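Worksheet: the structure to be examined is printed underneath.
The values are calculated or read from the model by the stated rules, or taken from the named source; none is laboratory data. Everything numeric in this text was worked out from a predicted model, so none of it was measured. As a convention, Cβ positions derive from the backbone with ideal geometry for all residues, glycine included, and neighbour counts pool all protein chains shown.
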Amino acid sequence: MKVKLIISFLLLCLINGFSQAKKQETFSVILSQTEIRQVFNDSVKKKFGIAYTIFRVYYYSDTSGKFYTVLTEKNDSITNKDTLHYKIKAFHFKSSKNGLEKKWEVNDFIISGSERSIWFWTKYSSFIDLDKDGLIDPVLIYGTSGTNGYDDGRIKILVFYKGQKAAIRHQNGVLDFERNTQVDETFYLLPNVVQNHIKNVMKKIYENSQGIFPYGWEEAMRKRKTKFHE
């Protein structure tokens with residue numbers, strides 16, 4: 001009897017361990033230009049209204065399926081140093097045997113007269129399973145530049161968690177009183193590991209001199225404030 005109980009217990013542990021391993025299986029990759037052209041040919045782009053230049057495509061799979069996130073930027077002006085973008089758009093598709101199904105999209109554009117360019121900040125964006133639940137948690141970040149470069153541009157951080165979007169919007173400024181940050185209430189409903197990941201990204205943005213968040217912003221977020229400024 002004891003032997004049967006031990007065997008049953010071991011089998012249960014094995015099944016649970018296998019289930020956990022399967023649950024946590026995730027995969028993400030950046031597509032090459034050749035792969036992008038194969039998946040998002042002219043016909044597909046026309047069908048979904050992908051009109052701007054495809055800057056990058058992330059492909060990932062998790063326990064809920066297989067997905068593509070397409071980042072596009074409108075090339076409006078070419079200077080000696082850079083290409084300026086006045087508009088950006090991101091598309092998120094789920095892939096199935098019937099083709100692509102658009103799940104969400106993101107649109108934004110520069111504020112005319114005060115901003116020069118807008119673009120995706122892919123060095124801070126990520127497509128990983130932050131809380132190890134078997135689902136990828138996309139984090140998209142983009143920003144703008146103004147007359148003084150990053151110093152008076154905007155930053156937007158988007159987190160997509162279990163199909164819901166939470167955003168942090170920040171306005172840089174040369175003067176202290178010009179800086180302000182807004183946090184969606186839904187951000188504070190995210191698991192701590194996800195919130196901490198975003199806070200670490202914000203620290204990196206600050207360390208790289210691409211954003212100056214209001215003094216005491218970490219304490220403000222600990223107190224779950226939705227608006228704070230200098």
So how many residues does region 168-198 have that are out of contact with any His (no Cβ under 8 Å at 6 or more places or on another chain), assigned to a helix (DSSP H, G or I) and not charged (D, E, K, R)? 11
Answer yes if at least one residue in region 90-104 is without any contact (Cβ under 8 Å) to a residue 24 or more places away in the chain and more than 20 Å from Val44 (Cβ to Cβ), and no otherwise. no
Matching entry among Ser114, Ser125, Ser95 (being of a type outside the set (Val, Ile, Thr), under 20 Å from the mean Cα position of the chain (by Cα) and closer than 19 Å to Gly211 by Cβ): Ser125
Among the strands (runs of 3 or more DSSP E) contained in region 124-167, which hold 1 or more residues that are in contact (Cβ under 8 Å) with a residue 24 or more places away in the chain and basic (Lys, Arg)? 154-161
Would you confirm whether any residue within region 67-87 is under 19 Å from Tyr161 (Cα atoms) and of a type in the set (Phe, Trp, Tyr)? yes
Failed condition for Ala51, given (1) closer than 19 Å to Asn107 by Cα; (2) part of a strand (DSSP E or B): (2)
Sole miss for Asp76 among (1) in a strand (DSSP E or B); (2) modelled with pLDDT of 95 or more is condition (2)
Return the pairs, sorted by first residue and then second, in which the second residue is part of a loop (DSSP other than H, G, I, E, B), the first residue lies in region 112-123 and is under 26 Å from Val57 (Cβ atoms), the beta carbons are less than 6 Å apart, and the residues are 6+ apart or on different chains. Ile118/Ile110
Can you name the residue in region 128-141 that is within 8 Å of the chain's Cα centre (by Cα) and of a type in the set (A, V, I, L, M) and is also surrounded by the most Cβ atoms within 10 Å (Cβ to Cβ) among such residues? Leu140
In region 204-230, which residues are of a type in the set (Lys, Arg) and exposed (fewer than 14 other Cβ atoms within 10 Å of the Cβ)? Lys204, Arg222, Lys223, Arg224, Lys227
Suppose we filter Thr122, Thr72, Thr83 for residues that are hydroxyl-bearing (Ser, Thr, Tyr), buried (at least 17 other Cβ atoms within 10 Å of the Cβ) and within 21 Å of Arg154 (Cα to Cα); which single one remains? Thr72
